[in-house]
Structures are given as structure tokens and as C-alpha cells.
Amino acid sequence: MNHRAQLHVLREFFFSQIQGEPIYDPEGNRVGKLRDLAIRWEGEGPPRVTGIKFAKGYQKHIPIDKVEEMTHDNIRLVGKLKEEDLIPLQPDEIYVGKWLMDKQIIDLKGSKVVRVNDIKLFWVKSGDRKYVIPMAVDIGLRGLARRLGLEFLFKRLENQYVWWQFIQHLEERTAALQLRAERAKLDQLHPADLADLIEDLDYKKRTDFMEDLDVEVAAEAFSEMERDTQIEILEHMNDMQASDLLEEMPPDEVADILGELPEAKADALLNLMEPEGAQEVRQLMVYEEGTAGSLMTTEYIALSPQITVTEAFAQLRHLAREAETIYYLYLVEDDKTLSGVLSLRELLMAEPDAVLRDLMQTRIITVHPQDSEQTVAENLKKYDLLTIPVVDEANRMLGIITVDDILEVLIPDRSSLETFANFFVSKRTVRG
Amino acid sequence: MRGRFANLSRRIWIFLAIMGPGIITANVDNDAGGITTYSVAGATHGYKLLWTIIPMTLVLIMVQEICIRLGAVTGKGLADLIRERTGVRWAAFIMVGMILGDLGNIISEFAGIAASLELFGVSKYISVPVALVFIWFLVHRGTYKLVEKIFLGACVFYLSYVISGCMANPPWGTVMKELVVPNFSLSGDYIIILVGVIGTTIAPWQQFYIQASVVEKGITTKEYVYSKLDNTIGCIACNIVAMFIIVACAATIHVHGIKIESAQEAALALKPLAGHWAFVLFAIGLLNASLFSATILPLSTAYYVCEAFGFEGGIDHTWKEAPIFYWLYTLLVVIGALVILFPNIPLISVMFWSQVINGVLLPFVLIFMLLLVNNKDLMGEYVNGPVLNGLSWIVVAVLITLSSMMVITSFLQ
């Protein structure tokens, strides 16, 4: 903390302003010109410029602590340039000019992909040491104009910065660069934002990016993406990683996605998944698209009608993690037939030692797996339900459909003509 | 047997899903300017320019394939690659040129819309505003998938030229012979129109458009074979249409020694010579081509400008998400349409400058394309092979020579 208090900004400038400026030693001899800056991207401490690339095709840098003065039109060194002072690029360093300028980066704050027009640098003094610190990337029109020598036309425009801590670069990095810190940053984004971000990337980067993420975070973001993007990502991922991703997702969604992949690919992925999860997905995939069966999930809460309210709470604590909704509890006999339903509210209000069979409602609205989406929607609306159970002819419980599932069908993400058509159809059928 | 059939039908389905970028791009080559050029070529020189059709098809396939490959391997648009690999100045130079050149083209598309509907007695003060509103809403309200389907559907209308070519009842024997026997003349007139024909077929903006639509579709190296087929079919279809336009005008207007300077005059001249329906089809073809290109050109211009400068772009975004994209798009179509409505705008000199700008830009774009496609860091195993590479450089050299000739001759005129 102490050194921070003494930090003193000597000068600020843009990378584009100092790139190409001459470097002189104290005797006024020209040593070279500033071609690029090496910065430490990750690792200990704040990011800072570590060296100056000063000659074409020469891989060693002038270390930054050999710089006495840095201005807009020249750089002066502390002493004469000696061969043994020069340092090569370290594994945790990158060149800003080569790997950052003009490239796409992720703006974590705005959750979108932007292009780097320029880089803002601070020349600071802390005690008797001097540093160059990259502060922000400039993504605005004014930065663009500056690069083209037209900044005077945009003097009234504010510079648009993304501060250094909110950027995530995308270019192929050297293997040694640590990813952990970057992951931590991304994990803080809302899955829906992360999904939008990934959709903005080109397909090659999408896959790399997904592989870098924590699998649970990746799965959440993946669920939020549009179906086409999901398919594309799965097709480019290696099968092991794809199956890990799918395992983290609800089986009904997995079944829908796999249903749109080529059969061979879907089979390969299912075989790599845990047998239990894969089995559920296989059962769901049997149902045709547009039917209740294809919408339902098997992750609902089923309890035996024999148990008491206290026992029910104990079981709920375990079951709640996996289930898609816990608002309705389905009471299922040993032979899997559905005998009643109980809402969480009713369970909360009941006496602790009451038996569920005495509390449950036995008049249940159900649908069959071959019923159409419209039938499901009508029933949910007519009876004001949040969830509807799906049963077979013998009244055996197969799964549930939530309002969310049906909403996704009726209102896709983007406003488009198709949405309009769907809306129109659903309105008519519900009325009829 | 059944397995083989299933496999075949699977391949056909994949092709149908991938189809689009190549066919659409190739068809936009036959825009209002293209149809004018071919009509004038046929009317002035008869069948003497037919031999260019086959080599031009091959060159077009080759050039567009490079962009498809660039898009499929890198997942990035051409503007994006130029910005990242050659820096902001080159990107800005090319983009400013493209905006100006494309604006000229857009104006000529609206002129085509006005001219084709005037043939049916519709005033341009009605047709142009209606077309403007139609085009603007199509892009504004549609998703990319929907718009692409409409574009593909519009390609069918190009067949009207094939039919009207047949109705002109040309001597098929002569047509076949002229198609394969090169026929070169050194007269200045002939060279100008030859270069014009080539210039209208291979334009800078197409390379950006085809690569962007390959990327937008998410086509990768796996589906790239299908994209190549899409491209080949598109280029062949485009040049067949061009051939029939030349044939229609050669068999009628040229034989009677009538002089024409525009597609509109060509359609009118066809009426007494090849019948009312040949005239109607010719005019409908012109309307379709102009409308089609007037939609795609501003769309793709806005798209790659945003790509180069890092603004959000693409019609799957909302106006709020991608304001610059939509403003640029709107400005381009509105200016394109308004210019036609002002009576005193010197259309000829607008066309002239747009042609010159495109001619100047083409060499840069082609050279960047070849440098990019030969970059091993970028393309890996998909760089050009030695034979293809040699061939590409030769073709590019020829195209550059021709486009410089065009620029020079247009100044000499």
C-alpha cells in the first residue's frame, strides 16, 4: 500500500503516439526506434511495460528501467546501450503492438467483443523507480481517428476506454500464459451475458473459449445460447469436453440439442456421458419434436405418499439440488403411477407428522407425451399451473413440463417474423 | 443400396443448408451495371465477346474460392483480416474507397429500378420511394436467414434472361462457335467493352461479401467442399445469364444495326424485334437484378465497414446494439435513392467515378487476398498449393492490368 501512495504520474500518452519514435542514448546517438512494447500480461503484480523492442528482426529488448525520459517525440536512455543489459521476451509477456493493437478483445464490463484502436499508457514514478503502465485500451472513434492522423476532427468526442482490468484478450497466446486469473474474471459475468459474448466470437474462438471456462460456468452460459450456436460449438469441440458440458445440463435440453446433431455424433456423445444421465436423455430423445414428450424433463421431485411431512422435508433437502422446479411435489406409488400432487406452500403449512397421502390433491391435470405443444400450453394457461406432469396411458409418471420450457418454444429470443407467427398461432389455439 | 441413398440424401441436405453465399454473390455480379454492359456488348459487337464467358467463369470461381477458404479457415471476414494483418491505415484506405465505389453502384441499382419500371409506365417518383421502403424494411425486420432465403429465391428470376435470349431466336451454331473460339480485336472500342465486361464481373466488394456470408453462416473447413460447389454453381449460372443477355442483344439489336447505350434501350429495342414477351422478361430481369443488388450492396458495405472498424454489425443485431451499422446502411440506400429523384444529377459522371474507384481498389484487394491466403500462420495446411498459387498470381496480374487499362481508358474517353 505504501508505494501506492507515492505513485506519481509523470506523463500520459497513447501507444500510437510513441510507436516509431527514436531512442537516444545520453550522448545523443540514435540507438533505434520504438517498434513495440513488451508487457507482462499476467503473473505477480499489476501489468506493466517491461521492455522496448527497438530494432527490426532483433528479439531482445531494452529493459524499461534503462529509460530515463519518455516523451511524445523521443525516448532517452539512462546510459549507453550495452549488449548484456538486453532481455528477451519472457513467457508471461506479450507485445502490445503485435498482439493487441487492431485485435478483438472482450470488454468484460460491457460484455461485448470490441476492437482495440489504441492503448493508453502512463509514465509513472514511484519512489526513485519509473514505470510505464498500460491503463486502458481505446475502443472509440477518436482513437481510430488518432491512428489515421485525423484526431483534430474528433477533438470534441470523448475517448472511449475499457480499463485494463476489464479486458480479456483473445489472440492465440503462448502456452505458458496463465489462464486462471482470466477465468476468475469471466466467472463473475452473468451466464446470459457470457452467452451473448460467446455468440459474438467467431466459431474458432468460441470453442477455445468454452474449453477455457470452468465446466459448470460453461454449461450455464451454453444453456443460454441460441440453438444454432449450441450445435456449432458442439460440432467443433472434442467429444470428451462436449460430453462433460452436456452432463452439467438438464436432460430435456440435452435431448433437444442432440436431436439436431447428426446421429453418429449424438451417439458418440451419449456413450461418453455417465450411463445414468445418458439413459435419461435417450428416453427423452424418443419423442418427436413439438410434442409434450420432447419438452419434458425427468428432473422433478417425486415422493412416496406414505411418508410424513417431516420426512418429506428431509428428502427435499437432497432432491432440490437436481430438480428443475421444487414448487410442485409429485406423489408417486411404488409402481410409478401418479397418485397426487402437493405444492410447497401446502407442505409448509401442514402439521409435521401428517402423512402426505392425506394432504395431497388427487385431481391432477396431466398430459401425454404425444400431446402437442399447444395442448400443453392451453392446459398450463387454463388451470394456471407453473408445471404440468406428463404420464403414459397407465398413469405412470414420465416427467414434467415447466412454464419456462413452453415459453421458450412460444417466444424465441429475437423478435422476428417467426415469433410473430408463433404468437399468432398460439393465440388462436388458446382461444379456440 | 438404401444406405447409399440415405448417404446421398444426407449430402444433398447439407448442401442445401450450406448453399447461399456463392450463388447469391455470383448473381449480384449481374446487377444493373452488369446487364447494361452485356447488352451494349451484344448490341455493338454481336457474338464477338462470347468467348470471354468461359475463361471469366473460371477466373470468377478461382477468385471467390480464395475468399470462401479464407472465411472457412479463419472464421473472420476479409475486412477483419486486412485490419488485423496490415493495420488500420490500409483498412481505412480500402474502406473509404469501398464506401464511395459502392455508393456509386447503389445509385446505378436505383437507376436500374427506375428505368425498368419506366418501361412499364411507372414514374420513377413512385417506383424509387417504394423500392427504398421495401429494401429498408426487408433488412430491418428480417433475420439473416430469412433475408438469405429471399435472396436465393430472387436468383430464380434471372432465368427470365435465358428465356428472352431463346425468344430472340439466335443462330445457335454461330453462338456455340463464338463461345469457344477466342476473337480478339485491337480496336479501342472493343478493348473498352472487354475490360468493362470483366470489371463488372469481378468487383472488390464481392470478395468481402462472400467471405462475410461464409463466416456469418458458420461454414468451416468441414463444410467447405459444399461451399465450393455452391460457388461453382453460382459462377456458372451467373455467366450463363450473362451469355444469354449478350445473345439476346446480338441476335436482334446488333443484326439490325441499332445503337443502344443502356439496358432500358435494349429492352425497348427488343420489343419489335423479338416480341412483346421478350421485352417484358428483359425488363423484369433488370428490375429483379437492380432490386436484388440494391439490397445486398448497402448491406454488405455497412457490414464490412463495421467489421474493419470494430463496431457491432449484422442484421441479427438491433438498432440499439449496432447503431453505426444501421445508420450507414440507411444513409447508403437513402442517398442511392435520392440521387435518382433529383433531375439534374450527372449520373454518367457518378458512374464513371465509381468505376474508377473500383478499378483502383481491385488490385489492392486481390493482392491482400493472395498474401492472406498464403500466410501459413493464418491458413495452416490450407494455403495455396504451388500450382494454384502460380495460377492465382497470373490471374491477379491479368486482372490488375485490365483494371488499370479500364481506369486509364476511362480518363482518355
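Every read-out reported here was derived from the displayed coordinates using simple, explicitly stated rules and does not represent laboratory data. As the structure is a computational prediction, the values presented were derived from the model and not from experiment. Counting neighbours? That spans all protein chains shown, and the Cβs are built from the backbone with ideal geometry, glycine included.
Miscellaneous remarks
- Placing unit charges on the Cβ atoms of the charged side chains and taking the dipole of chain A about its Cα centre, the candidate lying farthest along the positive direction among A:L197, A:Q283, A:L89 is A:L89.
- Dipole of chain B computed with +1 at Lys/Arg Cβ and -1 at Asp/Glu Cβ about the Cα centre; of B:S127, B:L103, B:V225, farthest Cα towards the positive end is B:V225.
- For the range A:339-356, 3J(HN,Hα) per residue [Karplus equation, 6.51 cos²θ - 1.76 cosθ + 1.60, θ = phi - 60°, Hz, x = Gly/Pro]: 10, x, 9, 9, 8, 4, 4, 4, 5, 5, 7, 7, 5, x, 9, 5, 8, 4
- Label-point gap, in nm, between A:H8 and A:R48 - each point 7 angstrom along Cα→Cβ: 1.6 nm
- Global geometry of the protein assembly as shown, whether rounded, prolate or oblate, following the gyration tensor of its Cα atoms and the 1.5 cut on a/c: oblate
- Dipole magnitude of chain A about its Cα centre (Cβ charges: Lys, Arg +1; Asp, Glu -1), debye to nearest 20: 3220 debye
- The relative contact order of the range B:26-412, computed from alpha carbon pairs under 8 Å that lie at least 6 residues apart in sequence, is 37 percent.
- Residues A:E226 and B:F137, FRET efficiency given R0 of 30 Å [Cβ-Cβ distance, rounded to 0.05]: 0.80
- Here each label is just a point 7 Å from Cα along the line to Cβ, and for B:E261 and A:K125 those points are 7.4 nm apart.
- Cα shape, the range A:255-302, gyration tensor, a/c 1.5 rule: oblate
- Descending Cα extents along the principal axes, the range B:26-412, whole Å: 58, 49, 40
- Once both labels are positioned 7 Å from their Cα atoms along Cα-to-Cβ, the gap between A:L386 and A:R156 label points is 5.4 nm.
- Integer Hz, Karplus 6.51/-1.76/1.60 couplings in order for the range A:140-151, x for Gly and Pro: x, 5, 5, x, 4, 5, 4, 4, 8, x, 10, 4
- For chain A, alpha-carbon Rg relative to the globular expectation (2.2 N^0.38 Å, N residues): 1.37
- Cβ-defined net charge surrounding A:N271, 13 Å radius [Lys, Arg +1; Asp, Glu -1]: -3
- Unit charges at the beta carbon, dipole of chain A: most positive-side option, A:N29, A:L258, A:W123: A:N29
- Charge tally in the Cβ shell below 14 Å around B:L328, where Lys, Arg are +1 and Asp, Glu are -1, B:L328 excluded: -3
- Distance between the range B:59-118 and the range B:39-57 - C-alpha centres, whole angstrom: 25 Å
- Two-site FRET efficiency, A:D353 against A:L148, from Cβ-Cβ distance with R₀ of 56 Å, rounded to 0.05: 0.10
- Here the Karplus relation 6.51 cos²θ - 1.76 cosθ + 1.60, evaluated at θ = phi - 60°, turns the backbone of the range B:204-215 into coupling constants of x, 4, 4, 5, 5, 5, 5, 5, 4, 6, 5, 5 Hz, with x for every Gly and Pro.
- Computed about the Cα centre, the dipole magnitude for the protein assembly as shown is approximately 4020 debye when only Lys and Arg (+1) and Asp and Glu (-1) carry charge, each at its Cβ.
- Amide hydrogen proximity for A:E68: with H placed 1.01 Å from N in the peptide plane, the residues at 5 or more positions away or on another chain lying under 5 Å are A:R76, A:L77, A:V78.
- In the protein assembly as shown, helices alone account for a calculated mean residue ellipticity at 222 nm of -18000 deg cm²/dmol, with every DSSP H run of four or more residues adding -39,500 (n - 2.57).
- The magnitude of the dipole of the range B:170-258, with charges of +1 and -1 set on the Cβ of Lys/Arg and Asp/Glu and taken from the Cα centre, is near 160 debye.
- Ordered by the number of other Cβ atoms lying within 10 Å of each residue's own Cβ, fewest first, B:C67, B:C306 fall into the sequence B:C306, B:C67.
- Cβ-defined net charge surrounding B:G199, 14 Å radius [Lys, Arg +1; Asp, Glu -1]: -2
- Each of A:L89, B:L281, A:L303 was scored by other Cβ atoms within 10 Å of its Cβ. Arranged with the fewest first, they read A:L89, A:L303, B:L281.
- Cα-based reach from A:K60 at 27 Å (exclusive), listing lysines while leaving out same-chain residues under 8 positions away: A:K33, A:K80, A:K82, A:K98, A:K103, A:K120, A:K125, A:K130, B:K376
- All aspartates and glutamates inside 15 Å of B:K271 as judged from Cα atoms, apart from same-chain residues fewer than 8 positions distant: B:E118
- Of all aspartates and glutamates in the structure, those lying under 19 Å Cα to Cα from B:K228, and not within fewer than 8 positions of it along the same chain, are B:D29, B:E65, B:E148, B:E216, B:E381.
- Extension gain from A:R396 to A:D334, taking 0.36 nm per residue of separation minus the Cα-Cα distance: 21.3 nm
- Förster radius 30 Å - calculated FRET efficiency between A:E288 and A:Q315, Cβ distance, rounded to 0.05: 0.35
- Part-to-part distance (alpha-carbon centres) for the range A:381-408 and the range A:295-343, which is given in Å: 14 Å
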